[in-house]
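Asks: Questions regarding the structure given below will be posed in turn.
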Amino acid sequence: MFGAAGTLGYLAGAGLAPRIGDARKPERTATDETLGHNARLLSDLRDLPADAGLPYDWVVVHHTAAESATLEGIDRYHRNHFGDPLGAEYHFVIGNGRREPMGRILAARWRHQAWAAHLFHPERAPASIAVCLIGNFHERELPAPMANSLVELLATLLARRDLPVARISEHRTVDRRLTACPGRHYMGIADDVRDRVARKISLAAGAM
Ligand SMILES: [Zn+2]
């Protein structure tokens with residue numbers, strides 16, 4: 001865990017400890033079923049009228065730090081520990097192939113169209129929504145299928161609000177020394193992710 005101790009420690013995923021005995025072999029690739037699910041979710045996002053939904057200006061990337069997290073578990077944890085009836089303080093979650101399918105994009109708080117308490121200093125990324133990668137990317141590199149899903153999701157989220165890639169941030173970039181989230185391996189590729197998102201958005205614009 002990387003967050004400050006105390007009530008905001010959950011921001012780094014504290015408390016989502018892996019379950020002992022969870023021996024299921026992790027998936028290494030996204031299945032066709034997951035890719036189809038992602039395509040439908042992204043298409044629904046693109047079809048949402050520009051003036052509908054949360055008027056976000058930033059998208060901030062997090063990780064759970066826990067490898068065996070699930071959306072249901074994050075929902076339950078945030079509901080129980082922070083008294084938030086809406087559950088997860090992340091708008092979208094991306095599975096790592098352990099207990100959520102590899103690369104699967106799951107709508108979390110987005111389902112409720114509510115802002116989230118996901119930053120210590122929200123004023124540094126005002127009107128932000130949160131995308132959370134399941135796993136610990138301080139300890140290991142982000143698998144390619146998760147990176148691909150993240151790039152697709154970020155490109156879709158930015159395009160529908162006509163935001164530049166500079167509006168993609170990371171929890172660590174916002175809250176600095178208060179957290180290592182989403183981990184040093186992710187921080188090492190953060191600019192590459194922004195470049196890939198920029199290319200995807202310009203390709204999509206060129207295709208119109
Ligand atoms: Zn975080």
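Asks: Which value, in debye to the nearest 20, describes the size of the charge dipole of the chain about its Cα centre when Lys and Arg Cβ atoms bear +1, Asp and Glu Cβ atoms bear -1, and nothing else is charged?
Replies: Around 240 debye, computed over the chain.
Asks: Also, I was wondering about something else. Tell me the mean residue ellipticity at 222 nm calculated for the chain from its helices only (DSSP H runs of n ≥ 4, each -39500 (n - 2.57), averaged over every residue, nearest 500).
Replies: That calculation yields -11500 deg cm²/dmol at 222 nm.
Asks: Nearest-5 percent of antiparallel DSSP beta bridges in the chain?
Replies: Expressed as a percentage, antiparallel bridges in the chain total about 20.
Asks: Under 5 Å between amide H atoms, partner at least 5 residues away or on a different chain: which partners does HIS63 have, H built in plane at 1.01 Å?
Replies: Amide H neighbours of HIS63, under 5 Å, 5+ apart: LEU133.
Asks: If you don't mind, another one. From the gyration tensor of the Cα coordinates in the range 27-206, what semi-axes in whole Å does the equivalent ellipsoid have, largest first, with each one equal to sqrt(5λ)?
Replies: Gyration-tensor ellipsoid for the range 27-206: 21, 19, 18 Å.
Asks: For the charge dipole of the chain, defined by +1 on Lys and Arg C-beta atoms and -1 on Asp and Glu C-beta atoms about the Cα centroid, which residue among LEU106, MET187, ALA30 has the Cα displaced farthest towards the positive pole?
Replies: After comparing all options, I get MET187.
Asks: If you plug each phi of the range 177-189 into the Karplus form 6.51 cos²θ - 1.76 cosθ + 1.60 with θ = phi - 60°, what whole-Hz ³J(HN,Hα) values come out, in order, with x for Gly and Pro?
Replies: Residue by residue, the range 177-189 yields 5, 6, 7, 9, 4, x, x, 5, 5, 5, 4, x, 10 Hz.
Asks: Multiply the residue gap between LEU48 and ARG28 by 0.36 nm, knock off their C-alpha separation, and tell me the result in nm, one decimal place.
Replies: Full-extension gain reported as 4.1 nm.
Asks: Considering the chain as a Gaussian network with a 10 Å cut-off on Cα pairs, which listed residue, ALA52, ALA130, ALA117, attains the greatest mean-square fluctuation?
Replies: Looking only at ALA52, ALA130, ALA117, the largest GNM fluctuation is found for ALA52.
Asks: Also, quick follow-up: Just need the relative contact order of the chain here, percent rounded to a whole number, with Cα pairs under 8 Å and 6+ apart.
Replies: Worked out over the chain, it gives 26 percent.
Asks: Can you list the HN-Hα couplings for the range 132-143, worked out from phi with the Karplus curve (6.51, -1.76, 1.60; θ = phi - 60°), rounded to whole Hz and with x for Gly and Pro?
Replies: 10, 8, 6, x, 10, 9, 8, 8, 8, 7, 6, x
Throughout, read-outs are computed from the coordinates displayed, never taken from laboratory work. Model, not experiment: these values are computed from the prediction. A quick note on method: Cβ atoms are made from the backbone with ideal geometry, for glycine too, and the neighbour counts reach across all protein chains shown.
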